[in-house]
Amino acid sequence: MTIFRPLLAAFAILFASPSVAQDWSIAIHGGAGTLDRDKMTPEMEAEYRAALQRALDAGETILRNGGSAVEAVRSAIVVLENEPRFNAGRGAVFTWEGENELDAAIMDGRDRSAGAVTGVKTIKNPILLADAVRHDGRHVFLSGAGAEEFAAQRGIETAPPEWFATEARRNALDRMKANNLSALDVDLKFGTVGAVALDQSGNLAAGTSTGGMTGKRWGRIGDAPVIGAGTYADNRSCAISTTGWGEFFIRVGVAHEICTRLRIGKESESRSVRGVLRSLTGQRDREARRAREAQHAQAIADAVMSEVAELGGDGGVILVTPEGDALFSFNTSGMYRGRASSSGINEVAIFAEE
Ligand code: ASP
């Protein structure tokens, strides 16, 4: 059998289906959690949907015009950070001490360059600071005062504390303290925002931005800015952004775990005789192959999310594959989400059954 492999591989290269590099795809989220139709007024629902659509449009326009996945992720997240309904940038939750401390991360799947910041208090759009860290390249993860000093040197826009603070989030903290509740009791949802994208050059990127969890103390850092937990991108496998109870996502290493399972699965498939034969079928079979790959990616994301649930955590992930499939997996009653692609998909959704 071994002697036929090089021959089969040569055939595979000769007859492989045309490159799908012109495809683009994007998925976004604005947090997962207990999102029930009966607890949301039609006006609120419409506002959430409109905000998600604005973020999706910002990313989509960039990708359709040939811009990079990193650029699309950045732009979609800036829209969500500026939108006070989500727990990122403006509208971030409060710490126990009554401040807004922001975390963000971004990763480029082309070269696996990454940038992340945690505990910043004056950066208007933390995702832009995370990207400046990535671009600078000397470090991956900066925190607190040091990250703000780096931002000042790079001329990153700042905003006063009042910009981030909203009454709804202040009330959530007050309720938590008065009734001795947990962050989950007061918020019932995670409002972290994120985006993942595939650009026309075949590059993937992922980004996530958050205020963390209401009442967080002692410099607590969640999964969002931790590369491999809440954010990961690798052109060989996928781009992931998560939302949920961060401690569990860190313990499972959710974003890296999903990408690794996908990469190893693909590598062993392409080495197998069945895989080479499948690639020989070329264009004719492209749709069927795409559907199989999407199902496989969905199954992997669902399996990793089951591990989060088994440990006691909840939340969700968005992912985009190198083939352009934009997928969601979550174990809550809803997740603010949206996706668009060159195949014509353009949709936003909130509740699980949508
Ligand atoms: N994952 C975030 C954290 O634990 C919370 C969220 O998704 O809203 O900080």
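Modelled spin labels at L311 and D185, positioned 7 Å past Cα toward Cβ, are 2.4 nm from each other.
Measuring between their Cα centroids, segment 193-226 and segment 67-98 lie 9 Å from each other.
Within straight-line reach of K39, meaning a Cα separation under 24 Å, sit the following lysines at least 8 residues removed in sequence or on another chain: K177, K189.
Against the main long axis of the alpha-carbon atoms of the chain, helix 126-136 sits at an angle near 50°. Considering only D108, D36, D131, the Gaussian network model of the chain with Cα springs below 10 Å gives its largest mean-square fluctuation to D36. As I understand it, the dipole of segment 40-171 uses +1 on the Cβ of Lys and Arg and -1 on the Cβ of Asp and Glu, about the Cα centre. Which of M107, W163, G66 lies farthest toward its positive end? The listed residue farthest towards the positive side: G66. The calculated FRET efficiency for the pair R154 and W96, based on their C-beta separation and a Förster distance of 30 Å, comes to about 0.50. Let me know the shape class of segment 129-276, please: from the alpha-carbon gyration tensor, a ≥ b ≥ c as square roots of the eigenvalues, rounded when a/c is under 1.5, otherwise prolate if a/b is greater than b/c, or oblate. In terms of gyration-tensor shape, oblate. Charge dipole of the chain (Cα centre as origin; +1 on each Lys and Arg Cβ, -1 on each Asp and Glu Cβ, all else neutral): 960 debye, rounded to the nearest 20.
In terms of accessible area, using a 1.4 Å probe and ignoring ligands and nucleic acids, K39, K216, K189, K177 rank largest first as K39, K177, K189, K216. For segment 133-227, chymotrypsin sites (Phe, Trp or Tyr not before Pro) are listed when DSSP marks them as loop and at most 11 other Cβ atoms sit within 10 Å of their Cβ; the list is W218. Note on A178 and A299: the model spin-label points, each 7 Å out from Cα along the C-beta direction, lie 5.1 nm apart. In the chain, helical runs assigned H by DSSP with n ≥ 4 each contribute -39500 (n - 2.57); averaged across all residues and rounded to the nearest 500, the mean residue ellipticity at 222 nm is -13500 deg cm²/dmol.
Straight-distance candidates among the aspartates and glutamates for linking to K121, with alpha-carbon spacing under 14 Å and chain neighbours fewer than 8 residues away dropped: E81, E97, E99, E101, D103, E148, E149, E157, E162. First check a/c for segment 29-107, with a ≥ b ≥ c the square roots of the eigenvalues of its C-alpha gyration tensor; if it is under 1.5, answer rounded, and if not, answer prolate when a/b is larger than b/c or oblate otherwise. Oblate, since a/c reaches 1.5 and b/c is not below a/b. Computed with a 1.4 Å probe over protein heavy atoms only, the accessible area of E97 comes to about 120 Å².
The values are calculated or read from the model by the stated rules, or taken from the named source; none is laboratory data. In this text, all values refer to a predicted model and were calculated from it rather than measured experimentally. Cβ sites come from the backbone with ideal geometry, for glycine too, and all protein chains shown count toward neighbours. The area values use the complete protein model at the heavy-atom level, side chains included, leaving out ligands, DNA and RNA. Shrake-Rupley method; radii C 1.70, N 1.55, O 1.52, S 1.80 Å.
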